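Before any comments, here is the structure.
Bear in mind that the values in this text are calculations on the coordinates, not laboratory data. As the structure is a computational prediction, the values presented were derived from the model and not from experiment. Please note: Cβ atoms are built from the backbone with ideal geometry, for glycine as well, and neighbour counts cover all protein chains shown.
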Amino acid sequence: MVAESRLPIAVVEAIATSRGVEPLDLEFSLHEWIDGDVLNALSGLAGDDWRFAFTVDGQRVTVEGDGSIFVDGTRISGLPNSRE
């Protein structure tokens, strides 16, 4: 299970990392692309056998139940409780 309040932040950080910028330098807000409640609901799912993909500002973001976050197919980060 992914830490509830951390997932939206981790997604923003992963996108910023993929672009080589700081999160505050992104020219969009995540909520323009996906409802944060959706990410929070996903983080509450039991187990880690799930995957959710969506597009943010032209980039494909995939979040997995183990905390892994991929941007355009490249693993960018994992949350602290993810298995590395």
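Could you sort the peptides 17-28, 55-66 by per-residue average Cβ neighbour count (10 Å cutoff), highest mean leading? Show your work: numbers first, answer last.
Working: 17-28: 11.9, 55-66: 16.2.
Peptide ranking by packing, descending: 55-66, 17-28.
Let a ≥ b ≥ c be the square roots of the eigenvalues of the Cα gyration tensor of the range 4-78; is it rounded (a/c under 1.5), or, if not, prolate (a/b larger than b/c) or oblate? Mind dumping the intermediate values first?
Details: a/c = 1.81, a/b = 1.44, b/c = 1.26.
The shape class here is prolate.
Please compute the net charge surrounding F28, taking Lys and Arg as +1 and Asp and Glu as -1 over other residues with Cβ under 13 Å from its Cβ.
-3
For R60, what is the net charge nearby, where nearby means another residue's Cβ is under 14 Å from its Cβ and Lys, Arg count +1, Asp, Glu -1?
Numbers: positive: R19, R51, R75; negative: D57, E64, D72.
Combined, the nearby Lys, Arg, Asp and Glu give 0.
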